[in-house]
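The structure appears right after this line, and notes come after that.
Each reported figure results from applying straightforward, stated rules to the coordinates on display, with no laboratory input. Only a predicted model underlies this, so the values are computations on that prediction, with no experimental measurement involved. Here the Cβ is made from the backbone with ideal geometry for all residues, glycine too, and neighbour counts use every protein chain on show.
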Amino acid sequence: MQLKVYNTEKFDRTKVWYAIFCCVFILIIIASIFYKNIVWIILMFFLVWAYIYYWLISVHEITISMDENWLTLERIIPWTNITGFCLELELDKDKSIKRIKNIVFVYTNWHSIHTISDTEENLSSFVNELNQYTQMLESYPQTSREKFMRKIKL
């Protein structure tokens, strides 16, 4: 059984998000010029360039496959290393459930989040087979930093 996902969590950003991002960047540049702090200007350009570069090379579609001994997700992961998995839902503005957006694999000391790019039928079949090898968890541990980064879609 196989499932197509992105190799990381893919954020759907609006034009407003990009406008706010640019405004914050420009305000920091203006403040740096006002206080004659050239180092901050250079640092901001490096940070934005690094973010754009990371965004361009990091998000691509992969295929998850499973077998009785392991899960293949860009590398082979034995079932003994996997604690379980979670499904994250995407909510509408009125807080009604829209669809399953992410699948999260929880390992012994970490987790990986993948945005689903496959059909609902294929996802359903994949999850049914996945339940034979590992358990579905209600939640997984997230740090405050991770929650904040996900909230601002970075």
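Odds and ends about this structure:
- Overall dimensions of the chain by Cα: Rg and Dmax, Å: 19.2, 62
- Sequence-distant lysines (8 or more away, or on other chains) whose Cα lies within less than 24 Å of Lys151: Lys10, Lys15, Lys93, Lys95, Lys98, Lys101
- On Cα atoms only, tilt of 15-34 relative to the major axis of the chain in degrees: 40
- The chain - percent relative contact order, Cα under 8 Å, separation 6 or more: 29
- Values of log10 I(q)/I(0) for the stretch 15-57 across q = 0.19 Å⁻¹ run -0.61, by the Debye formula with one identical scatterer at each alpha carbon and no solvent.
- The chain: angle of helix 38-58 to the longest principal axis, Cα-based, in degrees nearest 10: 20
- Taking amide hydrogens as placed 1.01 Å from N in the peptide plane, the amide H of Leu137 sits under 5 Å from those of Phe85, Cys86, each at least 5 positions away in sequence or on another chain.
- For the chain, the dipole from Cβ point charges (+1 on Lys and Arg, -1 on Asp and Glu) about the Cα centre works out to 1000 debye, to the nearest 20.
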